[in-house]
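K.L.:
Handing you a structure now.
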Amino acid sequence: MLIVTCIKQVPDTTQVKIDPETGTLIREGVPSIINPFDAHALEESLRLKEKYGFRVLALSMGPPSTEMTLRKALAVGADDAILLSDRAFGGADTLATSMVLAEAIRKISAQEEVALVICGKQTIDGDTAQVGPGIATRLGYSQLTSVDRVDEIDMRRKRITVRCKFEGRYEILESSLPAMVAVLREINRPRYPTVPLRIISQEAELKVWDNRSMQLSEDKIGLKGSATAVRRIFSPDREKGQILAGDEVNDPDQAARRLIEVLVSKNLISVQ
Amino acid sequence: MSSQVLLFSALFAIAVGFFLLSCYLRFSLVTIGKPDNRFNELGQRFSNMLLYAFGQKRVVTRSYLFGLNHAVFFWCFLILLIANTEFLLHGLFPASVSLSLLPDILYFTLTFIFDIVSFFALVAVLIALGRRLFVPPKYIDARTYDAFVILGLVATLMLAFFTLHGSEIALGEERAALYMPVSAFMGNFILARLPGGTLTALVTAAWWVHAVALLGFLDYLPYSKHMHILTSIPNCFFKSLEKVNTQPREEFHKGSAYGVGRVDQFRWKDLFDSFSCTECGRCNDNCPATRSGKSLNPRLVIHNIKENLLHNGRQIGKGLEPALPLIGTCREGCVTETDLWECTTCGACMEVCPVFIEHVPKIVGMRRNLVEMKSTFPGEVQSLFENMENRSNPWGIIPAERGKWVTETDVPPFEKNQTECLFYVGCTGAFDTRNKRNTLALTNIFNNAGISWGVLGKEEKCCGDSLRRLGNEYVFEQMAKENAALFQDLGVKKIVTQCPHCYNTLKNDYRQFGLNLDVSHYSEFILDLIKAGKIKLKASAGLGRVVYHDSCYLGRYNGVYDQPRELIKLSSGHTPLEMERHRQRSFCCGAGGGHMWMEENADTRINMERVRQALQQKPDTICVCCPYCVTMIEDGLTDLKVTDNIAVLDLSEVIQRALV
Ligand code: SF4
Ligand code: SF4
């Protein structure tokens with residue numbers, strides 16, 4: 001039985017700047033990383049693999065350079081990786097993306113029974129949290145979102161119990177398999193790769209599926225299949241920050257006193 | 001052949017056979033280790049052996065005056081080796097081998113020497129016994145069964161020697177009586193009153209006691225800590241010819257194992273080291289981890305490697321899996337993970353070890369196994385590893401920020417084919433607010449000297465020191481290769497560093513990656529500039545009493561002790577004060593070996609201990625020469641809640657104040 005972990009390669013957004021003129025992201029020279037939420041999804045998949053004996057397949061849609069991120073998934077212990085890459089998939093919003101991913105999973109499940117699809121709750125570049133639910137809806141899987149703990153999988157009855165964390169409350173949910181689980185970052189701490197696995201992952205053969213093998217209608221994928229488009233990206237104007245300098249900042253007591261003074265003078269806090 | 005000779009011959013054959021077999025069984029275990037060339041430069045090796053083994057240079061030191069007793073033992077032992085060889089051969093061939101067959105002059109000289117030397121040996125034994133019984137030092141297991149057996153055996157040998165010769169003198173059978181003062185004293189004053197028959201019996205009895213004690217000693221040797229009698233001389237011969245300031249590279253192939261997780265993954269010399277430990281405990285006495293109450297004890301690390309080898313060696317030799325894990329929690333024969341992570345790689349243990357055991361490469365080798373094969377390490381280390389790999393600095397700050405300090409002051413960029421010297425700032429110097437002050441001081445000094453220098457700004461990358469010491473050789477290698485390519489690309493030939501860790505890494509580690517750079521630490525570099533007349537300093541007052549703290553990676557690792565002291569003198573007008581532990585015996589600040597980035601949970605922190613040592617000198621200024629030390633000493637003062645106004649200054653700041 002298989003766990004499919006969906007992974008997205010994203011630009012390291014802490015290093016991305018916005019071009020004020022064109023209103024687009026300047027991506028040149030910005031390193032790509034695995035979407036941090038997805039790293040937790042992968043870790044959870046690997047833990048379930050160790051506990052219940054699943055196989056883990058890492059699935060990603062993206063340009064050919066996404067290979068690097070999939071190799072990282074292999075380096076921590078994913079058994080297989082498939083890259084969905086085709087110019088026709090490009091420019092997709094969450095609707096078109098979940099379409100391609102769902103179809104790929106459908107294709108995968110024809111070969112091997114899929115028990116779980118595990119996704120990160122959201123990506124750090126899109127922040128929509130829609131792709132996981134989109135996949136589940138298309139495949140008719142139950143969806144468990146905002147999961148911060150997987151309690152149990154009953155392999156015989158094919159059921160999973162998880163804990164979901166919502167504002168001000170937890171919910172313990174039980175559902176049938178197959179299911180889509182979208183995890184929060186606090187669910188686990190991703191492992192560090194061992195060297196033997198790193199070396200194997202460097203040489204492993206990656207499966208790349210393009211649209212010739214997927215055979216999806218061009219109207220449903222990529223830019224054409226997208227329901228939304230980004231018009232402009234911009235940073236809101238904000239007052240310039242101020243750095244408190246001087247010798248006193250090395251002394252915590254004095255530094256705190258100084259900070260309070262400044263905050264009070266700006267009417268941000270009041271001291272009674 | 002008399003029955004006595006027959007009996008002795010049989011005993012001799014059994015004892016020597018047993019000894020040789022024991023040696024074979026033990027020493028053959030060393031061959032399961034990995035290759036390591038310790039047979040080059042034979043001339044140098046012989047002279048090391050003469051100096052350190054026969055000269056006992058590291059045994060007798062000012063801090064270890066007791067070592068003198070050992071030197072006496074050692075030399076007595078060597079001289080008596082001749083006497084005892086004669087004793088054994090005479091026992092086997094009484095008619096043909098005997099000193100007494102020598103011409104008078106030779107015979108008298110030798111008997112005189114043996115008599116006196118035996119007396120010295122007896123005194124040395126008594127002193128050693130007294131020390132172990134009445135004033136046992138903290139750093140050794142003074143009252144072990146092993147120690148008392150050996151001291152007892154040596155004492156027995158000496159007493160038997162004097163009884164034997166004393167009785168012969170009392171019987172009037174010794175022609176060298178006049179030349180054997182101690183035996184003669186025994187014979188003429190103590191034994192003389194005994195009847196002749198008793199004396200004859202005593203001669204025989206003493207001879208047999210001597211014979212049995214001698215053969216017993218021989219057979220016991222390979223099973224005791226006194227195995228070092230056999231191994232320490234060769235260990236001085238095999239000692240590293242260079243300072244042990246780097247660790248060997250690893251080769252990364254598919255299917256290999258990395259680091260040392262089994263005793264046969266050590267190099268053979270590491271295994272031989274474990275057989276050479278004298279259990280003198282000096283490593284513990286100088287280990288900052290041991291001294292600050294951690295569980296790490298470098299002597300036991302070596303001891304446990306030996307125990308593990310003895311336990312598993314034969315099995316591994318047969319191609320079987322070892323029964324005892326090397327890294328684990330068993331009481332004897334395992335090194336614990338905690339111990340491995342507690343080492344600051346300060347090198348104090350290696351500096352004092354009289355037989356040149358190399359602790360740090362072993363510890364780092366085992367760390368490599370934990371990191372590279374098992375991915376187990378203290379939790380906080382993971383973010384360090386990820387930050388280093390992804391952003392080339394320990395904090396995970398955006399790499400572009402590295403060049404920010406450059407925009408705040410007047411710094412020339414390094415230009416290919418134009419700039420002569422690269423100032424390699426290092427992560428702490430570029431990112432850390434406190435240590436940027438040192439960077440700016442150096443910038444000032446270099447500008448003042450009017451030399452051709454420049455920095456890489458945001459193109460600079462971390463050198464990877466902490467990764468290598470923490471055992472993450474795989475990522476270290478990636479970083480080293482990237483840096484090597486960068487330096488080669490820019491035609492960098494000469495580098496000056498701020499941080500002793502960068503200094504050691506660029507200078508010693510990177511040689512393994514084909515880089516032969518002229519690397520200097522700023523203390524060397526600036527002193528040269530002063531000598532060349534390019535910088536002038538005027539001693540300025542205001543620093544008060546200055547105490548200097550040696551950074552491990554500058555001092556012990558690279559022998560830079562004098563330059564910082566000289567610069568302090570030129571800048572302040574006074575020779576700096578010394579802490580009790582200084583120069584070779586300096587005490588780590590607690591940041592090396594990756595510890596800058598690790599938590600130190602135990603009650604006493606190493607940096608607090610070092611600050612306490614500094615406070616004994618009642619300083620106004622603690623001068624250090626490393627950004628890690630700056631942080632650790634400042635934090636130590638804060639943790640100890642020292643309210644006196646004590647400044648912690650980097651040497652660069654001290655020099656800057658004195659610029660003319
Ligand atoms: S290197 Fe320093 S910390 Fe490590 S064992 Fe030796 S003395 Fe102790
Ligand atoms: S390792 Fe060296 S310093 Fe430590 S106890 Fe053994 S011989 Fe002495």
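K.L.:
I'd like the Karplus ³J(HN,Hα) series for segment A:207-216: coefficients 6.51, -1.76, 1.60, θ = phi - 60°, whole numbers in Hz, and an x wherever there's a Gly or Pro.
P.N.:
Karplus-based 3J(HN,Hα) across segment A:207-216 equals 8, 10, 10, 9, 6, 5, 7, 8, 6, 9 Hz.
K.L.:
Tell me which lysines have Cα within less than 16 Å of B:K239's Cα, excluding those fewer than 8 residues away on the same chain?
P.N.:
Reachable lysines: B:K57, B:K269, B:K362.
K.L.:
Right, something else. Which of rounded, prolate or oblate describes segment B:244-372 when judged by the alpha-carbon gyration tensor and an a/c cut-off of 1.5?
P.N.:
Cα axes put segment B:244-372 in the prolate bin.
K.L.:
Please identify every one of the GluC sites (Glu not before Pro) in segment B:285-369 that sits in a loop by DSSP and has no more than 12 other beta carbons within 10 Å of its own beta carbon.
P.N.:
Answer in residue order: B:E332.
K.L.:
Ok, one more. Can you tell me the relative contact order of chain B? Whole percent, Cα pairs under 8 Å, sequence separation 6 or more.
P.N.:
Over chain B, the number comes to 12 percent.
K.L.:
Quick one: which residues, 5 or more positions from A:T5 or on another chain, have an amide H under 5 Å from its amide H? H modelled 1.01 Å from N in the peptide plane, none for Pro or chain starts.
P.N.:
Correct list: A:L57, A:A58, A:L59, A:I118.
K.L.:
With a ≥ b ≥ c the root eigenvalues of the C-alpha gyration tensor of segment B:396-451, is it rounded (a/c under 1.5), prolate (a/b larger than b/c) or oblate?
P.N.:
oblate
K.L.:
While we're here: Determine the percent antiparallel among the DSSP beta bridges restricted to the protein assembly as shown, to the nearest 5.
P.N.:
30
K.L.:
Starting at the first residue of segment B:605-622, write each ³J(HN,Hα) from the Karplus equation 6.51 cos²θ - 1.76 cosθ + 1.60 with θ = phi - 60°, in whole Hz, x for Gly and Pro.
P.N.:
Along segment B:605-622, the couplings run 8, 4, 5, 5, 4, 5, 5, 4, 5, 5, 5, 4, 8, 6, x, 9, 10, 9 Hz.
K.L.:
Using only the alpha carbon atoms of segment A:132-259, find the Kirkwood hydrodynamic radius as the inverse mean reciprocal pair distance, in angstroms to one decimal.
P.N.:
21.1
K.L.:
OK, next. Rounded to whole Å, give me the distance from the Cα center of segment B:250-320 to that of segment A:29-54.
P.N.:
A separation of 36 Å, based on Cα centres.
K.L.:
Zone of A:F234 (label point 7 Å along Cα→Cβ, backbone N under 19 Å): which residues in segment A:1-33?
P.N.:
Once the point is set 7 Å along Cα→Cβ of A:F234, A:17-26 turn out to lie under 19 Å by backbone N, inside segment A:1-33.
K.L.:
Under the Karplus relation 6.51 cos²θ - 1.76 cosθ + 1.60, θ = phi - 60°, what is the ordered set of whole-Hz ³J(HN,Hα) values for segment B:376-389, x standing for Gly and Pro?
P.N.:
Each residue's phi maps through the Karplus curve to give 10, 6, x, x, 5, 6, 4, 5, 4, 4, 5, 4, 5, 5 Hz.
K.L.:
A further question follows. Kindly provide the trypsin sites (Lys or Arg not before Pro) of segment B:342-426 that DSSP labels as loop, not H, G, I, E or B, and whose Cβ sees at most 10 other Cβ atoms within 10 Å.
P.N.:
When the trypsin sites (Lys or Arg not before Pro) of segment B:342-426 are filtered for loop state and at most 10 Cβ neighbours within 10 Å, B:K416 remain.
K.L.:
Under a 5 Å amide H to amide H cut-off, with H placed in plane at 1.01 Å, what residues pair with A:M180 once short-range neighbours are removed?
P.N.:
A:V117, A:S142, A:Q143, A:L144
K.L.:
While we're looking at this one, here's another question. So what are the radius of gyration and Dmax for the Cα set of segment B:527-644, in Å?
P.N.:
14.9, 49
K.L.:
Further question: Amide H to amide H, which residues 5 or more places from A:K207 or on other chains are under 5 Å from it, using H placed in the peptide plane?
P.N.:
Answer set, sorted by chain and number: A:A81, A:L83.
K.L.:
Indicate the gyration tensor shape class of segment B:468-547 (rounded, prolate or oblate), computed on the Cα atoms with a ≥ b ≥ c the square roots of the eigenvalues: a/c under 1.5 is rounded; otherwise a/b larger than b/c is prolate and the rest oblate.
P.N.:
It is oblate, given that a/c is not under 1.5 and a/b is not larger than b/c.
K.L.:
Quick one: Cα centre-to-centre distance for segment B:9-76 and segment B:104-130, in angstrom?
P.N.:
If we compute the Cα centre of each part, the gap is 22 Å.
K.L.:
Another question about this same structure. List nothing, just return the count: lysine pairs in segment A:2-214, 8 or more apart or interchain, with Cα separation under 22 Å.
P.N.:
So the count of such lysine pairs works out to 18.
K.L.:
To make sure I understand the rule: partners must be aspartates and glutamates, Cα under 17 Å from the Cα of B:K569, and not fewer than 8 residues away in the same chain. Which ones qualify?
P.N.:
B:E524, B:D528, B:D550, B:E578, B:D620, B:D650, B:E653
K.L.:
Sticking with this one: Pick out, in residue order, every one of the trypsin sites (Lys or Arg not before Pro) in segment B:19-94 that is DSSP loop and has at most 16 other C-beta atoms within 10 Å; say none if there are none.
P.N.:
Filter output for segment B:19-94: B:K57, B:R62.
K.L.:
Sticking with this one: Counting only helical runs of four or more DSSP H residues, what would the 222 nm mean residue ellipticity of chain B come to if each run contributes -39,500 (n - 2.57) and the total is spread over all its residues?
P.N.:
The helix contribution divided over chain B gives -16000 deg cm²/dmol.
Where a number appears in this text, it was derived from the coordinates with a stated rule and is not lab data. Everything quoted here is computed from the prediction, not taken from an experiment. Note: ideal-geometry Cβ built from the backbone for every residue, glycine included; neighbour counts use all protein chains shown.
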